[in-house]
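Here's the structure, in structure tokens; my notes come after.
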Amino acid sequence: MPDLAGILPELAAEMAAIKDRGTVAGYIPQLGKVDPDQFGIAVMMNDGRVFTAGDAGKPFSIQSISKVFSLTLALGHVGDALWRRVGREPSGNPFNSIVQLERENGIPRNPFINAGAIVVADILLQGHQPKEAIGEALRFVQYLADDETITIDRAVAASERATGFRNFALANYMRAFDNLRHPPELTLGVYFHLCAIEMSCVQLARAGRYLAHGGRHPDTPHSVVSAERARRINALMLTCGHYDGSGDFAFKVGIPGKSGVGGGILGIVPGVASLAVWSPGLNANGNSKLGSQALEILARRMNWSIFAPRG
Ligand code: GLN
């Protein structure tokens, strides 16, 4: 195997030298304050080895990466019935787009765009108070990462609520199609708080391990999900995890990945590793600019694309 312990610091140094770092997500005022001159990366190999570089231990807002964990949890609650309310096709549209919803009767294209994740949050709310649903999701992420120090940044959640007009529009619109079962402000309360979970690259890469291990939690004898479900979540990450930039990410990097407007990306190399990268500046699709570049370089050096011949 190429020498990851050497490659990661090299990669961090290469990224530090880049001047054009993209734009931080100013539409959420609290995220607009984050210093763009940061870069971190963490790789958890399936054999237990851990490699990190840069700001790998610094917590950031995971934003839409939470959509992977909330989907996993909601599938546990309602199983494949979830797919009656959310599709499984790439949207080819921005993450917060409303246009497809009218033509497609309030059924979002996939669980990784905002509309889809709002329906998923609505499913998590079933039979619970918002506080309980948020608590359950946070505990689930803590369990996956085996780290109880993971928290929600309340200021980010409040900032999103104050400026989340598009998300309110999406939720109200889907409620009109009866694809939301709770008052939009309650469902969105769950959605905003899950987006506002704070994690470092190390914590995020740990939380993603079950997807690299065929659904198994590597610290326990238990399965988080079946091998088939893990494979399917990975497939959705590959096809939908970067919104209208998903095709480009598959083309350049070639692994399942999920981005968030906090600048993080969770990447899965099935059977090999779970990894997370973070740099707050975004490209035009709302995906981390340097994060995507770094993963492209890393996947090439490691031959990690799922489309590359093995062995
Ligand atoms: N909380 C963000 C929003 O709803 C999540 C979007 C993202 O990370 N792409 O706009």
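The values are calculated or read from the model by the stated rules, or taken from the named source; none is laboratory data. Not measured: the values here are computed from a predicted model. We place every Cβ from the backbone using ideal geometry, glycine too, and count neighbours over all the protein chains shown. Please note that ligands, DNA and RNA were not included when accessible areas were found on the heavy atoms of the full protein model with its side chains. Shrake-Rupley method; radii C 1.70, N 1.55, O 1.52, S 1.80 Å.
In table form, for the structure just shown:
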item	result
Meets criteria (over 16 Å from S66 (Cα atoms), among the charged types (D, E, K, R), open to solvent by 10 Å² or more (accessible area, probe 1.4 Å) and within 12 Å of the ligand (Cβ to nearest atom)) for R231	no
Selection status of V156, under 23 Å from V119 (Cα atoms), within 16 Å of the ligand (Cβ to nearest atom) and open to solvent by less than 50 Å² (accessible area, probe 1.4 Å)	yes
Set R175, R206, R181: member being open to solvent by 10 Å² or more (accessible area, probe 1.4 Å), away from the ligand (no atom under 13 Å from the Cβ) and within 26 Å of P270 (Cβ to Cβ)	R206
Residues (in contact (Cβ under 8 Å) with a residue 60 or more places away in the chain and either in contact with a Phe, Trp or Tyr (Cβ under 8 Å, 6 or more places away or on another chain) or in a helix (DSSP H, G or I) (or both)) located in segment 82-95	S91, N93, P94, F95
Members of segment 35-81 that are touching a helix residue (DSSP H, G or I) at 6+ places or on another chain (Cβ under 7 Å), part of a strand (DSSP E or B) and among the hydrophobic types (A, V, I, L, M, F, W, C)	I41, A42, V43, M44, F51, A53
Filter result for Q63 (open to solvent by less than 30 Å² (accessible area, probe 1.4 Å) and without any contact (Cβ under 8 Å) to a residue 24 or more places away in the chain)	no
Some residue of segment 266-286 being crowded, with 24+ Cβ neighbours inside 10 Å, at pLDDT below 95 and among the hydroxyl-bearing types (S, T, Y)	no
